[in-house]
1. Treating the beta-carbon of each Lys and Arg as +1 and of each Asp and Glu as -1, no other charges, what is the dipole magnitude of the stretch B:1-108 about its Cα centre, to the nearest 20 debye?
2. Shielding by partners for A:157-164, please: the mean number of other protein chain Cβ atoms within 10 Å of each residue's Cβ.
3. Counting DSSP beta bridges with both partners in the stretch A:2-143, what percentage is antiparallel, nearest 5?
4. What trypsin sites (Lys or Arg not before Pro) in the stretch C:1-102 are in a loop by DSSP, with at most 12 other Cβ atoms within 10 Å of the Cβ?
5. Which parts of the stretch A:7-40, residue by residue, lose 30 Å² or more of accessible area when the rest of the protein chains are there, as against the chain isolated (1.4 Å probe)?
6. Ignoring ligands, DNA and RNA, what accessible area per residue does the stretch A:1-66 give at 1.4 Å, in Å²?
7. Express the accessible area of the stretch A:170-250 per residue in Å², computed with a 1.4 Å probe while the remaining protein chains stay in the model.
8. So what J values fall out for the stretch B:72-89 if you push phi through Karplus, 6.51 cos²θ - 1.76 cosθ + 1.60 with θ = phi - 60°, rounded to Hz, Gly and Pro as x?
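The values are calculated or read from the model by the stated rules, or taken from the named source; none is laboratory data. Being a predicted model, the structure only gives us computed values, none of them experimental. Backbone-built Cβ (ideal geometry, glycine too); neighbour counts: all protein chains shown. Protein only, heavy atoms only, side chains kept; ligands, DNA and RNA dropped before computing areas. Shrake-Rupley method; radii C 1.70, N 1.55, O 1.52, S 1.80 Å.
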There are 4 protein chains.
Amino acid sequence: MQFTLSSGKKLYYEMHGKGDPLVIFNGIMMSTASWKEFVGPLSERNQLILIDFLDQGQSDKMSGPYRHDLQIEAVRELLAEVTDKPVNLFGISYGGEIAVQYALRYPAAVKKLILFNTSAETSYWLEEVGNAWNKATHDPEAYYLTTIPFIYSPLFFTENREWMEKRKEILLPLFGDETFIQAMIRLTDSSVGYDVKDRLSELDMPTLIVGAQYDFVTPFYQQEYLNDHIKDSELIYVPKSGHAIMYEKPRLFVSILKGFVSEMKTTYVL
Amino acid sequence: MQFTLSSGKKLYYEMHGKGDPLVIFNGIMMSTASWKEFVGPLSERNQLILIDFLDQGQSDKMSGPYRHDLQIEAVRELLAEVTDKPVNLFGISYGGEIAVQYALRYPAAVKKLILFNTSAETSYWLEEVGNAWNKATHDPEAYYLTTIPFIYSPLFFTENREWMEKRKEILLPLFGDETFIQAMIRLTDSSVGYDVKDRLSELDMPTLIVGAQYDFVTPFYQQEYLNDHIKDSELIYVPKSGHAIMYEKPRLFVSILKGFVSEMKTTYVL
Amino acid sequence: MQFTLSSGKKLYYEMHGKGDPLVIFNGIMMSTASWKEFVGPLSERNQLILIDFLDQGQSDKMSGPYRHDLQIEAVRELLAEVTDKPVNLFGISYGGEIAVQYALRYPAAVKKLILFNTSAETSYWLEEVGNAWNKATHDPEAYYLTTIPFIYSPLFFTENREWMEKRKEILLPLFGDETFIQAMIRLTDSSVGYDVKDRLSELDMPTLIVGAQYDFVTPFYQQEYLNDHIKDSELIYVPKSGHAIMYEKPRLFVSILKGFVSEMKTTYVL
Amino acid sequence: MQFTLSSGKKLYYEMHGKGDPLVIFNGIMMSTASWKEFVGPLSERNQLILIDFLDQGQSDKMSGPYRHDLQIEAVRELLAEVTDKPVNLFGISYGGEIAVQYALRYPAAVKKLILFNTSAETSYWLEEVGNAWNKATHDPEAYYLTTIPFIYSPLFFTENREWMEKRKEILLPLFGDETFIQAMIRLTDSSVGYDVKDRLSELDMPTLIVGAQYDFVTPFYQQEYLNDHIKDSELIYVPKSGHAIMYEKPRLFVSILKGFVSEMKTTYVL
């Protein structure tokens, strides 16, 4: 569905199922379409709300540079319109960064926060990794090779060679699409300067933080940092997975996410 | 409730809620009473079946030595009586060991297997740890000091000093109860010789394996072994927790357990 | 050799080889005799100084309780006498705790600090572990079972069953010796109240910190704490080893220790 | 110095100091010049032999593709000429791969093997990472961004921003040098097909294997594999370091390497 922002730009979103809202903020290269296999299980007991950020999927493209702010305010306009309940907010990677900032800015609108493979800052290192991505945009295969192997664990990538090769075939045309690539550059650049390290202690909703052993984009010390500074948080470490947990361990991903969302009891008198 | 076994011995069990059965096999020092705070959340959407093993809680005491076999067959008799559905079988530590063997012997009766802090063998090391426990049975405080600090992570134990001290007060009289202590000795000794390392590949139900960073009883390499040898398994590592995850991280424990039990979708076409 | 302290008590020590002094502060249950196999390699290029703390090995026994202070001042008297050079100070476990405090009190006397399996405090948890040890002193086998399996990794203990059984035979008579056992109780109790967490930043000598994956006495977060707070420190993690690294990985232990001691270059302009 | 191979190609090498030979096999992007700061400490008690592989540093460039074989035979010719003693063979990354194969082919020529950040195979994943490097060769900055951030830990890279920026300035002209870049492509491609997983059990010299927590090129499971399959090996894990341990932790690197090389005692009767 289309939602028109006050700026005139349109956001694409989908709503599936009924119940307590569960909102998904995509990773940078993802879109609502990426969650196709997950819509069923994630909407069984929740109203699942999928959103394409600006410059993602079927949402409008931007034309110049912006910061995370733009995305935060865009999804805020949309969510304020489509639900009056505080939401379970799940974000992964780029989406996790937007989710943390959304929760800081609109705490009353967030019931629970679930952060997979997320960091509290765009470090100088991550900025240069982003620059590597941008530098590779001139050639679809260069873009594939610079981004994709980095996102999976070496174990998964190697053991699922055929699947990765098919994925390459699917992705190369997309990575050759100038409109997609310009959007990717803007999305990547929008993360520069992101830093909420000093503000995490303001968060007080129940928060789940999940990291992975072979996450080479947002390495585990970033999730440890989030867990050390967010008051009411839980931390899970997934052995042998890379940055894209939902693709490497889809069943485990869904189990962990649904488990935390569905759990109502927060105080245990032991 | 009481269930009379063919041997004449009585098993105590409880059933709470409705839905897909979720059976709990206790850790060695636990009983149905240990799950009081968890009954609510775990029976929300499942028929929760709590059981005291022989020599635990309100079940009958034995008088001489036995092996795991006795417990496996006892719970088998009970479960065959109270449900005709394959169950979600959750075991922790001692209960996890019984659960693995139950699933090997009665695979059709087990829908999913959830193993927290479980190993595939009683190693020589673990046998000597058990002997340390038995050697300390002459004195309630010795028994407390030999068993309890070992079961929690040093972090939790130190940060929750007051709670641990209260727990000590509660446990000392129990550890001075000769009937309880003799039962503990028999339970401990029943694990000697346990070894299913070579049979794990026979298991084919969806299995979740959870280990913890500071588990000093069933250290993480044991859960890695289970995960490496059980075909359809997922592995989670809980940072900063000890052996007794459900006490150190109760909300996370419930989330992870319920999430895996409730998840129906097993095949993802990505 | 015997050294008479100003208190009249005698310390036993040994000196082997020539060169830059390398002093060893023993773990709690150790003595100069424990290093027999290591004297050769460790005295090749260093003047190796082995010392029995009071209540250890061939040093005098005490009769009442004391704190770490007593040991620190005793070894200070000895070292001030036998060498006028700053020493390479290596301590493991109990010896590491004394070493940290010695370096804080006599920084000019310490050239380098090498801490294996050491913590910056006797946490409430470790205090209760010590109490478990003390409670088991009535029976040699209870003492063995309560202390020894805890000190080795489950892997090593299980794979070297025969060696452990021989060790048990050797240790049982010792653990039945009332003089030894009373000394062990005093040594154990002398650690209560130890806490240098807030003083580590004062240290500025080159420091090497080594921890182990299955160290169940001084778990790895303790070595991370030391490394995070000692300015000029390096950190090594030994996979698959327990608390007693020098017995589980003797060659690796010697390599790491000698390598750090012999290394003169501290500044690299890269 | 120059050494002329039977093929007519020239290898550049350096010899420093006296004693038991210690040979260094460089990482792919390195040369003898990379070890400038390490020559002093590493030649104190050893005859240090530095070598530029073909296509590295001051050795001759090749003109077409080749496999590891070429490098193995080239260094074999050189080493057979310059020393008649078995050598301590240290390799890092690419150099570690050549070292493993050299030790398999010429076991009598290798006294000890020291492998930092090495894997037993070029996995499909690593092959694609290599392809990413090759794809970025058209632009010095693209090459820098695709290779360098990947080689350091995010922690080091971020905390040493100024140093990294200077390094960038130094490297950009080099990465713009067509001769250097063509050599890098050939070196990278020479690793395709490398796989000694099944042959590791043939090695029987004392071997030290070192890995790092944030090594994103040869992740730690690769060093675990080496350690599990090489009979007489020791394993060290360096927390908080990336692939380039010698730059991130130079003093620790030298300590570990020298410690293992200098250690003569291999059998401990404990």
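1. Numbers: 10 positive and 13 negative charges, 5 e Å.
Once rounded to the nearest 20, the dipole reads 20 debye.
2. Working: counts 6, 7, 3, 2, 5, 0, 1, 3.
Counting other chains' Cβ atoms within 10 Å and averaging over A:157-164 gives 3.
3. Details: 7 of 23 bridges.
Antiparallel: roughly 30 percent of the beta bridges in the stretch A:2-143.
4. Details: sites: C:LYS9, C:LYS10, C:LYS18, C:LYS36, C:ARG45, C:LYS61, C:ARG67, C:ARG76; in loops: C:LYS9, C:LYS18, C:ARG45, C:LYS61, C:ARG67.
Answer in residue order: C:LYS18.
5. When all protein chains are present, A:GLU37 each give up 30 Å² or more of accessible surface.
6. Details: 2590 Å² over 66 residues.
It amounts to 39 Å² per residue over the stretch A:1-66.
7. On the way: 2820 Å² over 81 residues.
On a per-residue basis, the stretch A:170-250 sits at 35 Å².
8. Each residue of the stretch B:72-89 in turn: 4, 5, 5, 5, 4, 4, 4, 5, 4, 7, 8, 8, 10, 9, x, 9, 7, 10 Hz.
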